[in-house]
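The values are calculated or read from the model by the stated rules, or taken from the named source; none is laboratory data. It should be emphasised that the depicted structure is a prediction, and the values quoted were computed from it without experimental measurement. Positions of Cβ are backbone-derived with ideal geometry, glycine not excepted, and every protein chain shown enters the neighbour counts. Accessible surface is based on the protein model in full, side chains and every heavy atom, while ligands, DNA and RNA are left aside. Shrake-Rupley method; radii C 1.70, N 1.55, O 1.52, S 1.80 Å.
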Amino acid sequence: MSTKILIAPMRYLQGPDALTQIGQHLEGMGISNPLVIGGPTALGVCRETMIQSMNDKGIGSNFVEFGGECTFGEIQRIKDVCITGSHDAIIACGGGKALDTGRTASAGNAVNAGVVPPEMIENIGANVPCIQVPTIAATDAPTAKVSVIYNDKGEFETFLVFQANPAMVFVDTQVIANAPVETLVSGMGDALATYFEAAISYRTGSPVLAGGLSTRTAQMMARFAFDTLMEYGYQAMLEAENNIPGQALEAVVEANILLSGLGYESGGLAAAHAIALSWTRVYDLFEVHPTHGKFVAFSTLAQLMMEGRNSDFLDDIYEFCTSIGLPTTLQALGLKDANSEAIRMVAEDASKNVLITAMPRATATPDESGGFYDPNEIFNALMAADGYGRQFD
Ligand SMILES: [Zn+2]
């Protein structure tokens, strides 16, 4: 395969109080009866603004509370409400899991990309346009046509790829500035991985989730996400602490959601996400479950160890993480009793994740135990990342 591909949502809007304009954009797309889903907090901050804006354009709507986990059961429930109510779109408000649930419940056919070979699932959702309203900038999920599915215990189950990206992504930066600052920091952790994963995927000529090879454009976006974090990350955190949608926050929100979103989907994923998704296998060892972005941030450090980066380079990344409060040690990640058995489980699991095939020493097909990569090397990288981080404590 040598064809390059770049995919994106049809519309992306970002700015303070952007949500006041949702009615006119829905009208422009011919949507007259959307189903809105979200958790209680997300709906609490969006509901009134959205209803007002939709009422102004004569658009009716129905609101349903999201159950909290993106599982096949929850997806089916939302799909059923959408079909029963004859809704012509699903608007998902909230964080990554609510957005992934809305995206899946609105999709047509899906490909289960977490199994080898990938499987087709027919009509997983109601086959209506999907609108994403992130109320936090904690992940780069909103722009993508990919959802991560968990089981009822919150463990990673698989990821699904759909036929199309969201019809619209609406990012109200005043809402995001008002959210807890940790959410923006987590989003920076997720976005930190994008450049490294895209760059290594490009180097190894690995296919990207979009379904082809990476364009140079996607590589540029991934790189620009990284540069934006380095330039404005700390300042954006300070603005978020004061609930101000200032220029640094605007830049970082765009990096976290748009640049990182397009950068990962069309630029490539690699070890950082293979490892990040494997931490859920040892969920019980965490007193508080870290966010996706924190898992990704620490797993990125492990990928940098796998790449053999030198200490000058590592110091810049570790210092950035420390400055905004992203974890650089297992203890900071929240693993109180970090025993080597648990880290080995994570390494084993990551070696079996198809995303790791983007790394230089991976095999294209799995061995008899299902692995694409030497788990000992991943284990060593995790321990090295932790050891290096302890000097920044
Ligand atoms: Zn991610």
- Give the number of residues within segment 281-294 that are within 13 Å of the ligand (Cβ to nearest atom), part of a helix (DSSP H, G or I) and either closer than 21 Å to T217 by Cβ or open to solvent by 10 Å² or more (accessible area, probe 1.4 Å) (or both). 2
- Under the condition of being touching a residue at least 60 places away in the same chain (Cβ under 8 Å) and of a type in the set (D, E, K, R), which residue from segment 194-241 is farthest from V253 (Cα to Cα)? R203
- Would you confirm whether any residue within segment 109-118 is within 16 Å of the ligand (Cβ to nearest atom), modelled with pLDDT under 95 and part of a loop (DSSP other than H, G, I, E, B)? yes
- Only one residue in L160, L192 is buried (at least 17 other Cβ atoms within 10 Å of the Cβ) and touching a strand residue (DSSP E or B) at 6+ places or on another chain (Cβ under 6 Å). Which one? L160
- Give segment 19-35 a look and list any residue that's within 14 Å of C93 (Cα to Cα) and out of contact with any Gly (no Cβ under 9 Å at 6 or more places or on another chain), or say none. L19, I22
- Query: Can you name the residue in segment 19-66 that is among the small types (G, A, S) and assigned to a helix (DSSP H, G or I) and is also surrounded by the most Cβ atoms within 10 Å (Cβ to Cβ) among such residues?
  - Reply: A42
- Message: Step by step: first the residues of segment 255-279, then only those that are open to solvent by less than 10 Å² (accessible area, probe 1.4 Å) and touching a Phe, Trp or Tyr at 6+ places or on another chain (Cβ under 6 Å), then the one that is nearest to D337 (Cα to Cα). Which residue is that?
- Response: W279
- Item | Cross-chain or 6+ apart pairs with Cβ under 6 Å, segment 139-161 first and among the small types (G, A, S), then within 12 Å of the ligand (Cβ to nearest atom) and at pLDDT below 95 | A141/G96
- Look at segment 362-376 and say how many of its residues are more than 16 Å from L269 (Cα to Cα), in a loop (DSSP other than H, G, I, E, B) and in contact with a helix residue (DSSP H, G or I) (Cβ under 6 Å, 6 or more places away or on another chain). 1
- Item | Criterion violated by T101 - all others in (1) surrounded by fewer than 24 Cβ atoms within 10 Å (Cβ to Cβ); (2) in contact with a strand residue (DSSP E or B) (Cβ under 8 Å, 6 or more places away or on another chain) satisfied | (1)
- Message: Condition first: more than 18 Å from the chain's Cα centre (by Cα), under 30 Å from E69 (Cβ atoms), within 16 Å of the ligand (Cβ to nearest atom) and assigned to a helix (DSSP H, G or I). Can you find one or more residues in segment 322-331 that meet it?
- Response: no
- Note on the structure: Counting only residues in segment 305-323 that are surrounded by fewer than 23 Cβ atoms within 10 Å (Cβ to Cβ) and among the hydrophobic types (A, V, I, L, M, F, W, C), the one nearest to L229 (Cα to Cα) is identified as F320
